[in-house]
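All remarks here apply to the structure that follows.
Derivation of every value follows stated rules applied to the coordinates shown; laboratory data play no part. From a predicted model like this one, the values you see are computed outputs, not experimental measurements. When we count neighbours, we look across all protein chains shown, and the Cβ atoms used for this are built from the backbone with ideal geometry, even at glycine.
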Amino acid sequence: MNKPVTLSQNGTTRRDLVVGASLVGGALLVGCSPTDILNLGAKKIDFGAFGPFIKIGADGAVTVISKHIEFGQGTHAGLAAIVAEELDADWSRVLVEQSPANTKVYQNLLFGAQGTGGSTAIANSWMQLRQAGASARAMFVQAASSKWRVPAAEITVKDSVVSHASGKSASFADLLKDAAKVAPPTAPTLKDPKTFTLIGTQKVRRKDSLAKSTGTAIYTQDIHMPGMLTAMVAHAPRFGAKVASYDDTEAKKVKGVVKIFKIATGVAVVAENTWAAKQGRDALKVTWDESKAEKRSTPEIAQSYAKIASARSDGTPFEARGDATTAFGGPLHTATFDFPYLAHASMEPMNCVAQVDGQKVKLTYGCQGPTMDQVNVAKAIGVLPGAIEIETLTTGGSFGRRATVDGDYVVECARIAKKIGGFTPVKLVWTREDDMLGGHYRPMVHHNLAIKVGVDGYPAAWRHTVVTQSIMKGSPMPQGKFEAAAVEGVLGSPYLKAASVVDGQVILAESPVSVLWWRSVGGTHTALVMEHTIDQLAAKAGKDPVDYRRALYTKADAKRHLAVMDLATQKAGWGKPLPAGTARGIAVHESFGSVVAQVAEVSIIDGVPRVGRVVCAVDCGIAIAPDQIAAQMEGAVTYGLSAALFGEITLKDGLVQQHNFDTYRVLRQNEAPTVETYIVPSGANPSGIGEPGTPPIAPAVANALLALTGKPTTSLPFVKA
Amino acid sequence: MSIALEVNGKTLQVEAAPDTPLLWVLRDELKMTGSKFGCGIAQCGACTVHADGQPIRSCSTPIEALAGVKITTIEGLNGDHPLQAAWVKHDVPQCGYCQSGQIMAAAALLAEKPHPTDADINAAMSGNICRCGAYQRIRAAIKDAAASKSA
């Protein structure tokens, strides 16, 4: 499949060029950067005087161009605030616009490709957008300086107004033409963060709340274009199955059905509208070739993981320190943990609009990974990746689901649109069932721990085995020596730093069930394993869990962990009495460059854990949009708690048992906790916020339940169906 | 066949089979896309509209059941409902996809109970899923709108 890229000697491309996914991080042609190859066929972007990230209108209104998708995480507000701060723009007149797809101009500086994920949007844009804002500001200052014949150093800018002590003043609109002629400075002076007036304040609010409260925000699902057709696909009920044959006699009779044909992922029904497409699709009779399909059931897979972990014969070390041959003698603290497949279950099921006419391709949808999708679509339908135009819309959540390594639903849509041809818009609609049965799950994971506790009561030797499927396999991301995504949160843990012997291994299992990153990736399981183990060790040592952690953090010099733990426990009233039947649990976890501590107050009602109050303390570097940081903590706690309490995708003879929200239970209003967020002041560059709030909630609840019942948690979800 | 529907105060003729769910008539035929498709089985509430003032799941209500019924969608609130102002004030939406349904459910609640208790909010709003977890802001915004309405 993955033919290498071939370029003719003069650097022009062959028409049949196929880009291998390995190109993103791997081997490249001499004289050609990865970016150049990924961007092959791209149109030159004609941006204005203020560069690719800022447009200023004749009325002086500032539009910030976001290279990152906004799907709820509030990144558009944060990115715009960075520009507005350095530009000294009037925040009330700052707008945000989504950038087109362009791997060269709009790449994520931490990925080398355009894409949003890993809680990197703010972190990778921080200096880039500060410089863009400062540069535009300098251009206005220079224009005023020339016009007024006063030194630039004497000019001030506030709320999009440029002023001089002499009383002269002009708006951005007044100075726009002159400023646009000034050469942008190569190294604009950035503000001292201590002088920020917008960043870090409650003034930084979302720009999209009104549109999203009036039904006027446009999602992929809402796209209507003249002549547009709607497609649905009959997918295999078992992962790894393929179409053997199909009978479309009944489907063809459905009014509005236009075309039915086989594609790589199933049988597509193309119709005049959504309801006709669904009725047509449901009337298809498909026979599947299941010779290579997954036919196991969840308990069987879980048992095989446990067996693999115990045998430990095929592991790859992720950390090996000290002499493991002698360190694990005598009594050990042992534990195993099992985690299920999880669906992302974003509110908007997967969908995409594609138009194809030969080499001309346009995609309109909630695109999380433009470069990956361009490469995958290019491979699938034989066009140049950069030539694929993508209009990115906001989307009804993602939590990682819309960034797939295989192109998934996007490729499916492009294949259908190619077959239809003529640049006819084709909207692929997945139902909730398609979405929930469509794989790309957080993988099943098994952890096996054996810990030698020292005479002081703290871990002296730590043996840790993780068995799971690979998320990264087949992805264009750097693969590394081991599956880092499976062990992040174990690797780098201050508890491991405090131990003198560490023997960590990761073992990868195979299955046709597709797996993917899911909000906070490795932290979705490693945080529970580490934090719940620490509480059990603290209990064995007869120590308070906070005191126990404090000793380990001090030993590991984990200052940020100490700071968030102290803030969270202080605000939560750690140690103060609670009503009978309620207990507190704490967890602290570092992910995506940020550290979050959570204290959960938990009781048990009718056998189900009930989480009332959650206190979060977060260190995410310089806090740009404090209210959106709080919103992300609220959301991450809810998302993580939903999965911890109820989330599980199970297989029976290979068939997914959860099809919709009636069987895939999620947290609802009557079960939602009250979340309080406190931010540790920091002068460090901003780090992630979309994901780091998710990992700590499950262990915080598990630790509260341990305090309440004395019973340790060994698997999730807490509430089994 | 042609069916008359009364949507947001206007009588509209639509061409659709009688068993077509209202949601798809609103979205595909009338191009009123504020009401969202989330589950198709009345489990998530993203498609919530009012039928004679009562919240219904338009994804599971065939149009043949709606003759002579006054339907109100998010578009029918005209952007000036106190709940919408409260939603903006509290920056309730994250991805925003569920919010039309949340607001329609809340609007029906306030119409019946101008000063809802927490228990009233739980009872009226627990049929509406928000995967971003905006629940506590939704609750705060409902209380805020209730207070502003009486002020």
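Annotations for the structure displayed:
- Sole exception among (1) hydrophobic (A, V, I, L, M, F, W, C); (2) within 14 Å of chain B (Cβ to nearest Cβ); (3) more than 23 Å from the chain's Cα centre (by Cα) for A:PHE718, by number: (2)
- Residues in the stretch A:211-269 that are among the hydroxyl-bearing types (Ser, Thr, Tyr) and assigned to a loop (DSSP other than H, G, I, E, B): A:THR214, A:THR216, A:TYR219, A:THR265.
- Selection of the stretch A:147-197 for residues being of a type in the set (Lys, Arg) and under 23 Å from A:ALA81 (Cα atoms) yields A:LYS158, A:LYS191, A:LYS194.
- Residues satisfying the stated conditions in the stretch A:81-109, i.e. among the aliphatic types (A, V, I, L, M), away from chain B (no Cβ under 14 Å) and part of a helix (DSSP H, G or I): A:ILE82, A:VAL83, A:ALA84, A:LEU87
- Scanning the stretch B:136-151 for residues that are among the polar types (S, T, N, Q) and either touching a residue at least 40 places away in the same chain (Cβ under 8 Å) or more than 10 Å from every other protein chain (Cβ to nearest Cβ) (or both) returns B:SER148, B:SER150.
- Residues in the stretch A:412-436 that are on the phi > 0 side of the Ramachandran plot and of a type outside the set (Gly, Ala, Ser): A:PHE423 only.
- Residues of the stretch A:416-427 satisfying the condition of being outside any loop (DSSP other than H, G, I, E, B) and surrounded by fewer than 23 Cβ atoms within 10 Å (Cβ to Cβ): A:LYS418, A:LYS419, A:ILE420
- Extreme residue, farthest from the chain's Cα centre (by Cα), among residues of the stretch A:659-687 that are within 12 Å of chain B (Cβ to nearest Cβ) and of a type in the set (S, T, N, Q): A:ASN670
- Filter pass, A:THR694 being touching a residue at least 60 places away in the same chain (Cβ under 8 Å), of a type in the set (Ser, Thr, Tyr), within 14 Å of chain B (Cβ to nearest Cβ) and more than 24 Å from A:ARG401 (Cα to Cα): no
- Residues that are in a helix (DSSP H, G or I) and more than 10 Å from chain B (Cβ to nearest Cβ) within the stretch A:639-658 comprise A:ALA643, A:ALA644, A:LEU645, A:PHE646, listed in sequence order.
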